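Trainee: Let me begin by handing over the structure; questions about it come next.
The values are calculated or read from the model by the stated rules, or taken from the named source; none is laboratory data. Because the structure is a prediction, the values reported are computed rather than measured. Positions of Cβ are backbone-derived with ideal geometry, glycine not excepted, and every protein chain shown enters the neighbour counts. Just so you know, the surface numbers come from the protein's heavy atoms only, side chains and all, with ligands and any DNA or RNA stripped out. Shrake-Rupley method; radii C 1.70, N 1.55, O 1.52, S 1.80 Å.
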Amino acid sequence: ATPLEMVIDPVTNKLYVAAFGSAKIGVFDVNALDNDTFDPTTASSGYITVSGGGPAGIVLDDANGRLYALTRFNNAVSVIDLTSGSETGQVGLHNPEPSTVV
């Protein structure tokens, strides 16, 4: 998938990556990346699935343990609980395009 945006959680030392060509947010341990002990097979089990697909941008709310992801395939914002590692909600955005274009 094409990585479009990344953010590091300073509390957990996790790197979150918006993977546009998928319906997932990559989750990586920064220490494993720094120490060259990163295993992509193991890491992929911790990816977070977003229902809208095409995550393009992410914002970390570390104070509340949340991540917000803009999902372009359905033009919405997914709310992700970082404790559970799952999507807990989604808010649709206004789309000015005519339905024939969509």
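Trainee: Pairs please, first residue from the range 39-55 and of a type in the set (S, T, N, Q), second anywhere and open to solvent by 70 Å² or more (accessible area, probe 1.4 Å), Cβ atoms under 8 Å, 6+ apart in sequence or on different chains.
Mentor: THR49/LYS24; SER51/GLN90
Trainee: Just to be sure I understand, how many residues within the range 22-38 are farther than 21 Å from GLY92 by Cβ, open to solvent by less than 60 Å² (accessible area, probe 1.4 Å) and either free of Cβ contacts under 8 Å to residues at least 40 places away in the same chain or among the basic types (Lys, Arg) (or both)?
Mentor: As a first pass, look at the range 22-38 and keep what is farther than 21 Å from GLY92 by Cβ: 26-38.
Now drop any that are not open to solvent by less than 60 Å² (accessible area, probe 1.4 Å), which leaves 26-30, 32.
Retained after the next criterion (residues that are either free of Cβ contacts under 8 Å to residues at least 40 places away in the same chain or among the basic types (Lys, Arg) (or both)): 26, 28-30, 32.
Number of matching residues: 5.
Trainee: Of all the strands (runs of 3 or more DSSP E) wholly in the range 56-102, which have at least 3 residues that are open to solvent by less than 80 Å² (accessible area, probe 1.4 Å) and within 13 Å of ILE25 (Cβ to Cβ)? So that I can check it myself, show each step before the final result.
Mentor: On the way: elements: 66-71, 76-81, 86-92.
Filter on the range 56-102 gives 66-71, 76-81.
Trainee: If we scan the range 31-40, do we find a residue that is assigned to a strand (DSSP E or B) and either modelled with pLDDT of 95 or more or farther than 13 Å from PHE73 by Cβ (or both)? Steps first, answer last, please.
Mentor: Our first condition is that a residue be assigned to a strand (DSSP E or B); within the range 31-40, this holds for none.
Within the range 31-40, not a single residue is assigned to a strand (DSSP E or B) and either modelled with pLDDT of 95 or more or farther than 13 Å from PHE73 by Cβ (or both).
Trainee: Exactly one of (1) hydroxyl-bearing (Ser, Thr, Tyr); (2) out of contact with any Gly (no Cβ under 8 Å at 6 or more places or on another chain); (3) more than 14 Å from SER86 (Cα to Cα); (4) assigned to a loop (DSSP other than H, G, I, E, B) is unmet by SER22. Its number?
Mentor: (2)
Trainee: Select from the range 1-19 the residues that are under 18 Å from THR83 (Cα atoms), open to solvent by 80 Å² or more (accessible area, probe 1.4 Å) and part of a loop (DSSP other than H, G, I, E, B) and list them in ascending order.
Mentor: Correct list: PRO10, VAL11.
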